[in-house]
Amino acid sequence: MTLAVSFQDVRDAAARLAGHAHRTPVLTSRTADEQLGARLFFKCENLQRIGAFKFRGGYNAIARLDDAQRRRGVLAFSSGNHAQAIALAARLQGVAATILMPADAPAAKMAATRDYGAEVVTYDRMTQDREALARALADERGLSLIPPYDHPDVIAGQGTAALELFEEVPALDKLVVCVGGGGLVSGCALAAAGMAPGCEVHGVEPEAGNDVQQSLRAGRIVTIDVPRTIADGAQTTHAGVLTFPIIQAHVRDVLTVTDAQLVETMRFFAERMKLVVEPTGCLAAAAVLQRVLDVKGARVGIIVSGGNVDLARFSSLLAGGA
Ligand SMILES: *Cc1c(COP(=O)(O)O)cnc(C)c1O
């Protein structure tokens, strides 16, 4: 079966992103290396534009539109990082963006999305079907819908995070990546297959939302209820029809971590590395630092996916609240 995205697509995305996305730093921690007897390389996408890797996929998808599509504009539905990614990537490319958000989304997120220049359209989460509404809006206004993960150009764009890491750090034995709908891990796995074929790719999901782990075992996409977890960027209910076959082909396994392990990892990043990382951004590091994945003696790449967390929530999580 041919996959929806190739390694060459990831390379092409990197060329489109050059000079627009940040080439984020790769940081290390002697303390963690000594504790684990390994060499860890943290690719810090919490320091990416908009504070998460989603800028990569969003920018790449918009750059691939034709002139007529660009004139009409783009649409996304999200209350999280994808909304801000599309809003900023569209503005930078002179394209109008409409973002569909629940009316009860945090005011700060709505304001940030508007500040990036997008039009925010709200809907009632209890009574309105967001996907039907998005399709109706897209049809009525002729907008191109850009989904958060299940889109070839989005997947290729996300893969550039790992591409940069492999360029900078040779001979990695393992690459560990968080998994929501699987856009990031599938793009990164394609980059690994192209640049470091001996490197094993491991996905990490929240324990309560292990739909991709279940799907790999079942050999088909399993859909779960919206999981209860502090990792709000990975509260997806199922993998994508494009991402899942790439995960099956190129990801060795998917592990899980608990919310308590995510909080411990947020604390590690803040105390030891002086980094603010959102709960979802801690998934991959948590699997390594909390010894869910054995890394002894290995050179390990870890994608730190994002840093957008309200500071009041950040401090309450660290203080032991919800
Ligand atoms: C969206 C997101 C994820 C999950 O990415 P997928 O491509 O859906 O797997 C992980 N971390 C952060 C910070 C995100 O914004």
Practice task
Pick out the one residue from 223, 236 that is under 21 Å from residue 285 (Cα atoms) and of a type in the set (S, T, N, Q).
Solution key: 236
Practice task
Looking for whichever is touching a helix residue (DSSP H, G or I) at 6+ places or on another chain (Cβ under 8 Å) and either part of a helix (DSSP H, G or I) or within 15 Å of the ligand (Cβ to nearest atom) (or both) here; the options are 33, 12. Which one fits?
Solution key: 12
Fill in the blank from the handout: Flagged in the range 73-94 as more than 16 Å from the ligand (Cβ to nearest atom) and either over 23 Å from residue 45 (Cβ atoms) or in a strand (DSSP E or B) (or both), in numbering order, are 73, 74, 75, 94
Problem - residue 50 vs. criteria touching a residue at least 24 places away in the same chain (Cβ under 8 Å) and either within 14 Å of the ligand (Cβ to nearest atom) or polar (S, T, N, Q) (or both) - result: yes
Fill in the blank from the handout: Restricting attention to the range 193-239, the residues that are assigned to a loop (DSSP other than H, G, I, E, B), under 13 Å from residue 182 (Cα atoms) and hydroxyl-bearing (Ser, Thr, Tyr) number exactly 2
Exercise for the section: Return a yes/no flag: does the range 147-163 have any residue that is part of a loop (DSSP other than H, G, I, E, B), more than 23 Å from residue 229 (Cβ to Cβ), more than 13 Å from the ligand (Cβ to nearest atom) and not hydrophobic (A, V, I, L, M, F, W, C). Expected result: no
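Yes or no, residue by residue, for (1) in contact with a Ser or Thr (Cβ under 8 Å, 6 or more places away or on another chain); (2) modelled with pLDDT of 95 or more; (3) over 19 Å from residue 151 (Cβ atoms):
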| site | (1), (2), (3) |
| --- | --- |
| 202 | no, yes, yes |
| 208 | yes, yes, yes |
| 213 | yes, yes, yes |
| 217 | no, yes, yes |
| 222 | yes, yes, yes |
| 225 | yes, no, yes |
| 234 | yes, no, no |
| 242 | yes, yes, no |
| 249 | no, yes, no |
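Counting just the residues of the range 209-245 that are small (Gly, Ala, Ser) and within 9 Å of the ligand (Cβ to nearest atom), which one comes out surrounded by the most Cβ atoms within 10 Å (Cβ to Cβ)?
Filtering the range 209-245 for residues that are small (Gly, Ala, Ser) and within 9 Å of the ligand (Cβ to nearest atom), the one surrounded by the most Cβ atoms within 10 Å (Cβ to Cβ) comes out as 239.
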Problem - Residue satisfying condition, being surrounded by fewer than 14 Cβ atoms within 10 Å (Cβ to Cβ) and either within 16 Å of the ligand (Cβ to nearest atom) or closer than 28 Å to residue 258 by Cα (or both), within set 173, 104, 139 - result: 104
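Taking residue 249, is it surrounded by fewer than 18 Cβ atoms within 10 Å (Cβ to Cβ) and in contact (Cβ under 8 Å) with a residue 60 or more places away in the chain?
yes
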Practice task
Would you be able to say whether some residue in the range 269-288 is touching a residue at least 60 places away in the same chain (Cβ under 8 Å), of a type in the set (D, E, K, R) and more than 13 Å from the ligand (Cβ to nearest atom)?
Solution key: yes
Problem - Residues of the range 142-170 that turn out to be over 23 Å from the mean Cα position of the chain (by Cα) and buried (at least 18 other Cβ atoms within 10 Å of the Cβ), as a count - result: 1
Exercise for the section: Please tell me if residue 257 is more than 22 Å from residue 51 (Cβ to Cβ) and either surrounded by fewer than 24 Cβ atoms within 10 Å (Cβ to Cβ) or within 16 Å of the ligand (Cβ to nearest atom) (or both). Expected result: no
Completion exercise
Going through the range 289-313 in order, the residues found to be touching a helix residue (DSSP H, G or I) at 6+ places or on another chain (Cβ under 7 Å) and part of a helix (DSSP H, G or I) are 289
Problem - Top-ranked residue in the range 53-65 [being in contact with a strand residue (DSSP E or B) (Cβ under 9 Å, 6 or more places away or on another chain) and more than 17 Å from residue 309 (Cβ to Cβ); ranked as farthest from the ligand (Cβ to nearest atom)] - result: 65
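The values are calculated or read from the model by the stated rules, or taken from the named source; none is laboratory data. The shown structure was predicted, so the numbers you read here are calculated from the model rather than taken from an experiment. Using ideal geometry, Cβ is built from the backbone for each residue, glycine included, and neighbour counts are taken over all protein chains shown.
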